[in-house]
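The values are calculated or read from the model by the stated rules, or taken from the named source; none is laboratory data. Since the structure is predicted, the reported quantities are computational estimates derived from the model, not experimental observations. Please note: Cβ atoms are built from the backbone with ideal geometry, for glycine as well, and neighbour counts cover all protein chains shown.
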Amino acid sequence: MTYALIIPVFLALAVVPATLLVRRPSPAPPPRRAVPVLALCFAVLAVLTVVFDSLMIAAGLFDYGDGRITGLRIGLAPVEDLAYPLAALLLLPALWWGLAERGRLGSTVRTLVATSRPVSWINTAFPFAAAYVLTTGRVDLSLVVGTLFFLFPYNLLMYGINDVFDYESDLRNPRKGGVEGALVDRSEHRMILVGSVLVALPFLLHLFPAGGAAAGAVLAVSLFAVVAYSLRGLRFKEVPFLDSATSATHFVSPAVYGLVLAGAGWSAGTVALCGAFFLWSMASQAFGAVQDVQADREGGLRSIATVLGARATVRAAAVLYAVAGTLLLLTPWPGPLASFLVLPYLANLVPFLTIDDAGCERANRGWKRFLWLNYVTGFLVTMLLIWSWSLTR
């Protein structure tokens, strides 16, 4: 069977629910607004698909069997590969808008997804998947289950617990209620906590025994950090400096778990890489806390930023970024090139080096740039990983 026979069926399964986009009444935007946005999104996804697939094929990560594709390519990528982002672009918005019309179940699913902050999913799933694949060189059940877990359930646990126990302070925080954090009514808090556990449980039943005691211990530390950051009685996020370290653990531990699960050896370069990622994550959390200095103080909350003050925290974040970049110089080639990737983050801090506590909310502009900067950096890191893979072949 060829891809040309599979793809029409695949697209048809996406097109049918996509008819929700033009239904009336519907929460979906009208076609005159939706179509240009979807077209732009497809153009971006198509370019990324061509670039990533071409590089991965060139590096020998995968190829297609003879006679299974038409032979038409853009770069090295078969044109058939463009069907997958097209199907996703049709299906996912349709499901999202369609769920709004499906009563309580649809509302629950939408709430859980929004609470998990989809914009940040890649920040935990990618480190795990990259660490596992680069170590094992294979795609297997543990990779699939682990990637899916760190994509959605892990983030639902982390941000769901945070949003429930930060509810009172979030009410006073003007940036909550969007991509930077859901603001869910108190009546749904129990559902979020129970749903977070139930969604994660099937994945954990596989992941805990999959890699033996060492991998299980790393996963336990990761989950403890997720819970301890926000849960009443622990609240590591209110212990200055421990808040940044715990937040860094949220993002570094998936990579460490992937390495241990895959049986990776711990060379000096691997330690330097993980250390750089940890310091980069600490710097990012510290800078993120600057914009909330006033809101946190009014709510009686403590953080690294409320203790150091907005200006000193921005400068501390700059030092952490710089040290992270220095550590990357100790990694095997082409790892040292990644040290240049901290420069945009340092540049992002420059306008706020003299910020005062009264103007702390001004740092939100830098935080929004940070969120998009992560995607650019993730793309460049992926290119370096593919290059590194090709050098070891």
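Residues considered: 275, 265. Of these, the only one that is surrounded by fewer than 20 Cβ atoms within 10 Å (Cβ to Cβ) and in contact (Cβ under 8 Å) with a residue 40 or more places away in the chain is 275.
Got at least one residue in the stretch 229-242 being touching a Ser or Thr at 6+ places or on another chain (Cβ under 9 Å) and of a type in the set (Gly, Ala, Ser)? Scanning the stretch 229-242 turns up no residue that is touching a Ser or Thr at 6+ places or on another chain (Cβ under 9 Å) and of a type in the set (Gly, Ala, Ser).
Among the residues of the stretch 266-309, those that are touching a helix residue (DSSP H, G or I) at 6+ places or on another chain (Cβ under 9 Å), in a loop (DSSP other than H, G, I, E, B) and not aliphatic (A, V, I, L, M) comprise 266, 291, 292, 299, 300, 302, 303, 309. Here residue 303 fulfils each of the conditions (1) among the polar types (S, T, N, Q); (2) in contact with a Pro (Cβ under 8 Å, 6 or more places away or on another chain); (3) under 20 Å from residue 154 (Cα atoms) apart from (3).
May I ask you to say which residue of 347, 312, 324 is under 17 Å from residue 240 (Cα atoms) and assigned to a helix (DSSP H, G or I)? 312 is the lone residue from the list that is under 17 Å from residue 240 (Cα atoms) and assigned to a helix (DSSP H, G or I).
Of the residues making up the stretch 307-319, those that are surrounded by fewer than 24 Cβ atoms within 10 Å (Cβ to Cβ), hydrophobic (A, V, I, L, M, F, W, C) and within 20 Å of residue 276 (Cβ to Cβ) are 316, 318, 319. For residue 144, the stated conditions hold: it is loosely packed, with under 15 Cβ neighbours inside 10 Å, under 18 Å from the mean Cα position of the chain (by Cα) and at pLDDT 85 or above.
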